[in-house]
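Everything on this sheet refers to the single structure shown next.
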Amino acid sequence: MAVTAAMVKELRERTGAGMTDCKNALVEADGDFDRAIDILREKGLSAAAKKAGRIASEGVVTALITPDNGVGVIVEVNSETDFVAKNQEFQNFVADVLAQAAASDAKSMDEFHVEKWIADPSVTVKEALTHKISVIGEKLDIRRFDKFVRTGNGALVSYIHGGGRVAVLLEMRSEVVNDALVEAGKNVCMQIAAMSPQFVHRNEIPEEFLAKEKEILTQQALNEDNPKPRNIIEKMIAGRLEKNLRELCLLDQEYVRDSELTVGKYLEGIGKEIGSAITVTRFMRYETGEGLEKKANNFAEEVSRQLDTRN
């Protein structure tokens, strides 16, 4: 597959790596972006891993928990500009989307879009979105939502950071449900917002994920300037993999409010205080625009278009 300048530019924007490195990675990966990112990681370009999911669009992510604490939803609604995202008309629409998601049984966004709009059952969700676009005058998108229905004793907890830049929805199990449990849930939500774990605990990690991580770490070690014996490389890989897993797994992460504890140890302590073990069942973390790219306008062209419309 021929590698174009546009492909190199896109990979550079997604990873933060140099133009030459991006071109070489794309050539080696035969144009496969995911493989090109792995290649950049294998060569020690850590920026590639950290920026691969950079934020690149406007809008908000937010969450809602029903008054009975039985249902929690988290949604992302995108707009073209930050100005519109702060508009009250847009915010009211997002609130309606949250209510729709809380009542929805849809298993996909396609199913969600054809549901009757709760705020006006004479139209579908898609028709309501189209109408709102015409009112606001900017492209909008209901991009995604997840819904948790609480099962058993425990609590659903949510947290919104930065006015809707990051949202977290969390489910915990506990035989005792009180203010201390909810406060602990808020603290864990803030941990998730700040540290972006991918799993609750290690037994959730797929074997293929571990195999891929080991492969990348092995290649990193082999690419280092000072080659080491195989047995030393294996110890290095084991140590680096352990460090990565501590960062990826919520319960193994260093607790941000007390570096002497892991999140798991923090919850053990709260469990002893309230008289019941606390289990994190699941969580969902949304960040506005994950995986999307901002529309890059040429300012000179924009001015020229405006002048043309006046003539």
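Remarks
- Subset of the stretch 207-240 (residues that are open to solvent by 90 Å² or more (accessible area, probe 1.4 Å) and of a type in the set (S, T, N, Q)): 226
- Tally, over the stretch 70-86, of residues that are over 13 Å from residue 129 (Cα atoms) and either open to solvent by 40 Å² or more (accessible area, probe 1.4 Å) or of a type in the set (A, V, I, L, M, F, W, C) (or both): 11
- If the condition is being of a type in the set (A, V, I, L, M, F, W, C), farther than 24 Å from residue 69 by Cβ and open to solvent by less than 70 Å² (accessible area, probe 1.4 Å), then the stretch 87-130 contributes 90, 93, 109, 117, 123, 125, 128, 129.
- Residues of the stretch 225-262 that are of a type in the set (S, T, N, Q) and touching a residue at least 60 places away in the same chain (Cβ under 8 Å): 253 alone.
- Cβ pairs under 7 Å, 6+ apart, first in the stretch 160-181 and at negative phi, second open to solvent by less than 10 Å² (accessible area, probe 1.4 Å) and at pLDDT below 95: 165/288
- Filtered residue count, the stretch 95-117, keeping only those that are without any contact (Cβ under 8 Å) to a residue 40 or more places away in the chain and in a helix (DSSP H, G or I): 11
- Among the residues of the stretch 199-246, those that are assigned to a loop (DSSP other than H, G, I, E, B) and touching a Leu at 6+ places or on another chain (Cβ under 8 Å) comprise 200, 201, 205.
- Top-ranked residue of the stretch 131-187 - restricted to ones that are buried (at least 18 other Cβ atoms within 10 Å of the Cβ) and hydroxyl-bearing (Ser, Thr, Tyr), ranked as farthest from residue 90 (Cα to Cα): 174
- Considering the stretch 23-42, and only residues there that are of a type in the set (Lys, Arg) and surrounded by 16 or more Cβ atoms within 10 Å (Cβ to Cβ), the residue that is modelled with the lowest pLDDT turns out to be 41.
- Residue in the stretch 13-22 that is charged (D, E, K, R), within 20 Å of residue 196 (Cα to Cα) and at pLDDT below 85 present: yes
Listed here are the residues, each with its yes/no results for (1) more than 20 Å from the chain's Cα centre (by Cα); (2) more than 20 Å from residue 59 (Cβ to Cβ); (3) modelled with pLDDT of 95 or more.
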site: 84; (1), (2), (3): yes, no, no
site: 93; (1), (2), (3): yes, no, yes
site: 125; (1), (2), (3): yes, no, yes
site: 128; (1), (2), (3): yes, no, no
site: 131; (1), (2), (3): yes, no, no
site: 137; (1), (2), (3): yes, no, no
site: 146; (1), (2), (3): no, no, yes
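- Complete set of residues in the stretch 132-150 that are free of Cβ contacts under 8 Å to residues at least 24 places away in the same chain and assigned to a loop (DSSP other than H, G, I, E, B): 137
- Selection status of residue 160, of a type in the set (Val, Ile, Thr) and farther than 30 Å from residue 289 by Cβ: no
- Pair list, Cβ < 8 Å and 6+ apart or interchain, from the stretch 58-71 residues that are within 15 Å of residue 186 (Cα to Cα) and in contact (Cβ under 8 Å) with a residue 40 or more places away in the chain to residues that are among the charged types (D, E, K, R) and open to solvent by 30 Å² or more (accessible area, probe 1.4 Å): 69/150
The values are calculated or read from the model by the stated rules, or taken from the named source; none is laboratory data. Bear in mind that the values here come from a model prediction, so they are computed numbers and not experimental data. Positions of Cβ are backbone-derived with ideal geometry, glycine not excepted, and every protein chain shown enters the neighbour counts. These area figures cover heavy atoms from the full protein model, side chains too; ligands, DNA and RNA do not enter into them. Shrake-Rupley method; radii C 1.70, N 1.55, O 1.52, S 1.80 Å.
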